[in-house]
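Encoded as structure tokens, the structure appears first; notes follow it.
Each reported figure results from applying straightforward, stated rules to the coordinates on display, with no laboratory input. Since we're looking at a predicted model, the values are computed, not measured. Quick reminder, even Gly has a Cβ in these numbers, built from the backbone with ideal geometry, and neighbours come from all protein chains shown.
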Amino acid sequence: MSISGEDRLEAFLRHQQEESVKQGGVPRSTQADFRGLYDQALKKGWRFYLPEELGKIFTGLEGADEPCGIWANGALDLAAWRQPVIAVVGARRAGPYGIAVAEQLSRDLVRLGVTVASGLAYGVDTASHSVALDSNGWTIAVLGTGLDVFYPPSNRRLQEELIPAQGAVISEFPLGAGPRAPNFPRRNRLIAALSLAVIVVEGDMDSGALITARWAAKIGKDVFAVPGSIFSKMSRGPNALIRQGAIALTSINDLIEELPDVAALSKPPVKKAAIKEPPGVPQASQTGEQILRHLSSEPRTLDAILETTGLDLELANKTLLELELSGRVRESANGYVLIREERR
């Protein structure tokens with residue numbers, strides 16, 4: 001489909017104006033302001049796609065639910081978006097179990113040649129994107145903000161540099177749109193529509209991941225849920241989905257059994273150059289000792305650990321998992337407990 005540059009610009013101007021009003025807008029902005037934003041975006045290599053170009057990508061959506069335009073930044077073109085995509089979503093404050101499961105599933109999906117989609121939030125989303133990248137696979141991040149807004153700020157490098165190099169960052173929101181609460185349920189419907197299936201790893205009953213699952217079920221996509229401990233509130237969502245008819249996922253083999261054509265339809269990941277981590281990231285062994293100093297026989301919640309140690313969520317989750325696997329910490333219904341030396 002051939003669309004002239006002028007037609008694309010006119011479509012962008014309409015989209016930017018209409019969507020800005022929905023966002024609480026900037027009525028003083030002029031056409032010239034919007035043209036300036038458009039020119040800056042094109043200089044960065046971003047592309048604005050019109051609805052007529054998005055056929056057979058966001059499948060299952062109809063009428064007002066269809067996106068009226070999509071901004072994209074990344075190496076994946078539209079044709080690649082049509083390859084099998086599976087979403088891995090879950091809680092922002094996922095525990096070590098949820099992070100470990102998300103990482104393993106993303107790794108397995110990449111081996112199948114599947115593109116991993118998620119929402120670039122803390123927790124499960126970040127783990128899913130990061131492991132897909134580390135495994136030299138493709139990943140697509142669907143934002144709840146404008147393409148030029150970095151949220152959460154700690155994921156700026158993922159959004160601006162790493163994911164575009166091995167996938168795509170996409171948004172239906174106007175440039176400049178911030179992280180307003182109503183944006184994220186709208187974002188979640190696009191994750192569901194983009195994907196062949198949705199996997200929910202962890203999340204309480206109010207988790208946005210359940211909104212993604214409901215959208216997936218509504219538009220005829222398969223919903224998988226990872227069962228979890230009855231003592232963990234982060235497992236309430238997936239366990240409830242399973243009771244409601246979602247497919248229990250205990251390994252990648254469960255997905256292959258339900259979707260046998262996935263591997264056949266997928267293309268193997270392209271080998272890419274190794275990505276160097278930024279300097280100054282503390283090692284898990286050092287943070288492990290830091291966490292252990294704040295634990296005792298009394299349960300301590302993840303929030304309390306984050307507050308007292310000052311660690312970021314992703315590193316704390318990774319370290320707690322390592323401590324659990326080494327037998328130095330266990331997770332109880334009320335938090336994390338130190339396992340004394342004499343009891344090991």
* Cα pair count fraction exceeding 30 Å, expressed as % - the chain -> 38 percent
* Consider all pairwise Cα distances in the range 284-343 and report the whole-number % of them above 20 Å. => 11 percent
* Asked: In whole Å and largest first, what semi-axes does the C-alpha gyration tensor of the range 130-240 yield when each eigenvalue is scaled by 5 and square-rooted?
  -> 24, 17, 15
* Structure fact -> To the nearest 10 degrees, the tilt of helix 208-218 (Cα long axis) against the first principal axis of the alpha carbons of the chain is 60 degrees
* **Computed magnitude of the charge dipole of the chain (debye, nearest 20; Cβ of K, R +1, Cβ of D, E -1)** => 280 debye
* Structure fact -> Helix 313-325 sits off the longest principal axis of the Cα atoms of the chain, rounded to the nearest 10 on a 0 to 90 degree scale, by 40 degrees
* Alpha-carbon Rg/Rh ratio, for the range 1-85, with Rh computed the Kirkwood way -> 0.98
* Would you compute, from DSSP H runs of 4+ residues alone, the mean residue ellipticity of the chain at 222 nm, taking -39500 (n - 2.57) per run and dividing by the full residue count, rounded to the nearest 500? => -11500 deg cm²/dmol
* Cα axis of helix 31-43 to longest principal axis of the chain: angle in degrees, 0 to 90, nearest 10? -> 60 degrees
